Amino acid sequence: MNFSQKTVDIVNKTQEKLAKQFAETEEISTFNQLKVLNAFQQNSVGLRHLSQTNGYGYDDIGRDTLCKIFADVFKCESAIVSPLIVSGTHALTLALYGVLRPGDEMLAITGSPYDTLKEVITGEGNGSLKDFKVSYRQLDLKNGKIDLEKIKEYIKDNTKLIFIGRSRGYEWRDALSVEEIAQAVKEIRAVKSDVCIMVDNCYGEFMDYSEPTEVGVDIMAGSLIKNPGGGLAPSGGYVLGKKKYIDLVAGRLTSPSIGMEVGSYAYGYKDFYQGLFIAPHVVANAVKGSMLLGQVFSDLGFETMPLPGQKCRDIIRSIKFDTKEQLIDFCRAIQQASPIDSNVVPFPWDMPGYEDQVIMAAGTFVAGASIELSADAPIREPYIAYMQGGLTYEHVKIACMYCVEKLILSKN
Ligand SMILES: *Cc1c(COP(=O)(O)O)cnc(C)c1O
């Protein structure tokens, strides 16, 4: 690919404008790098922790120590981190089934949970929470924010778990800041101090100086092929928080009689440790890439979220397109700019767990990993693409040039 001088100039000029925002991002990643380094040192990580294990995995120190490090980094009592958790959806599902019991109510206070959780919560006859007599209520966001005043109306005697989606999912809204989550926690505790507050933390790790578990959230869950895997973890998820809840979740992951006493991994834990170690830096690369692409597209006349100049609270950049064709072109440009499968042309398809057709560009080393450069979109109006990830800032910058050429210059 040879870029026109015009494209190179647009992208380089935009980059110059962002120097201050980049510096702030690097300050956060340095802070988080130190947090992770401290956790490694406090747990005396040695080469033996990275080794492979097999069979039952009793006394698997690689597994146990990885869990302890996550608990330290996220400043909570207990953590489950496992390659055996197949995805973020699985981690979130484990957390919900671990805590909720028949007769309990789950209350979501950030509108609809992520698309793949809908069937988990309110599906019919598929083993959903509803099938197990767990009821569900939802408080929608008000102008993109948690409706703090209404929370108390929605909390009932049997409200057992309150669900907060930190990231935007497939909605035209910004992610929540940790301060906003802290405010909601305060409101909730004033009404019901013992309710379990859960955060879907996908895409939120290492975005700020603190994490939701530091402001009173009880449990949170996420995916290792997003932020905290640093692009190296080949699979997995985590659930962490208060020990009394995490013990229940461990009973769901394996069995109530064995919890986290078992579980081996025959390929070794090195990529999970190293991935977590580099995660703050990788997240910062992705954030800088998101800022660049957001500013470039905004300057070209497209609406983006967050607004240019606004602090990023997750790694996603939403871009609103006028037509379905532009949306598809954008995702194809991202695929073309990828190191893997650059010759593959993505099409919208009926992806399991999603209501609308979805188009996904992910030319990634770890299949579908969205901490690597990727873009996806449900095919519905308004036509919004969600771009995220990038193992290196330089790669996102180059991908940005692909997008400018494909969407703008080739049409003029
Ligand atoms: C990605 C994501 C999930 C689900 O994770 P998968 O790994 O795709 O199953 C849930 N919630 C949010 C906000 C996400 O971004």
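Taking label points 7 Å from Cα along the Cα-to-Cβ direction, Ala19 and Asp322 give a separation of 3.5 nm. Only Cα pairs within less than 10 Å get springs; with that Gaussian network setup on the chain, which residue of Val287, Val73, Val45 has the largest fluctuation? Per the Cα network of the chain with a 10 Å cutoff, Val45 tops the list.
Checking the a/c ratio against 1.5 first, then a/b against b/c, what shape does the Cα gyration tensor give for region 77-226? Kindly include the intermediate steps, with their values, before the conclusion.
Values: a/c = 1.36, a/b = 1.03, b/c = 1.31.
It is rounded, given that a/c, with a ≥ b ≥ c, falls under 1.5.
Counting only C-alpha contacts under 8 Å and six or more residues apart, can you give the relative contact order of the chain as a whole percent? Reported as a whole number, the value is 19 percent.
At 222 nm, what helix-only mean residue ellipticity would the chain give, in deg cm²/dmol to the nearest 500, using -39500 (n - 2.57) for each DSSP H run of four or more? Helix-only estimate at 222 nm: -12000 deg cm²/dmol. Angle between the Cα long axis of helix 393-407 and the longest principal axis of the chain, 0 to 90 degrees, nearest 10? Taking Cα atoms only, the helix is inclined about 50 degrees. Assuming a ≥ b ≥ c are the square roots of the Cα gyration tensor eigenvalues, decide whether region 287-341 counts as rounded (a/c under 1.5), prolate (otherwise, with a/b larger than b/c) or oblate. Oblate shape, in that a/c is at least 1.5 and b/c is the bigger or equal ratio. Applying a DSSP loop filter and a limit of 12 other Cβ atoms within 10 Å to the GluC sites (Glu not before Pro) in region 71-141 leaves Glu124.
If you take the charge dipole of the chain about its Cα centre, with +1 on Lys and Arg Cβ and -1 on Asp and Glu Cβ, which of Ala367, Leu92, Ala399 is farthest toward its positive end? Towards the positive end, the residue furthest out is Leu92. Keeping the other protein chains in place, figure out the carbon and sulfur percent of the accessible area of region 1-72, with a 1.4 Å probe. Carbon-and-sulfur percentage of accessible area, whole number: 52.
In the context of the full set of protein chains, the chain has a per residue accessible area of 42 Å² (1.4 Å probe). Largest mean-square fluctuation among Thr159, Thr122, Thr89, in a Gaussian network model of the chain whose springs join Cα atoms under 10 Å apart, belongs to Thr122. For region 37-196, averaging the sequence separation of C-alpha pairs within contact (under 8 Å, six or more residues apart) and dividing by the residue count gives a relative contact order of 18 percent.
Extending 7 Å from Cα along the Cβ direction at Glu381 and again at Ser51 yields two label points whose distance is 6.2 nm.
Summarising the strand pairing of the chain, around 65 percent of its internal DSSP beta bridges are antiparallel.
Taking the 1.4 Å solvent-accessible surface of region 148-304 as the whole, the part contributed by carbon and sulfur is 51%. Of the trypsin sites (Lys or Arg not before Pro) found in region 49-102, the ones in coil according to DSSP and having at most 15 other Cβ atoms within 10 Å of their Cβ are Lys75.
Only protein heavy atoms count here; under a 1.4 Å probe, Tyr97 has an accessible surface of about 40 Å². The overall shape of region 346-410 is oblate: from the C-alpha gyration tensor, with semi-axes ordered a ≥ b ≥ c, the ratio a/c is 1.5 or greater and a/b is no larger than b/c.
The values are calculated or read from the model by the stated rules, or taken from the named source; none is laboratory data. Quantities reported herein were computed from a predicted structural model and do not represent experimental measurements. Neighbour counts run over all protein chains shown; Cβ positions are idealised from the backbone, glycine included. These area figures cover heavy atoms from the full protein model, side chains too; ligands, DNA and RNA do not enter into them. Shrake-Rupley method; radii C 1.70, N 1.55, O 1.52, S 1.80 Å.
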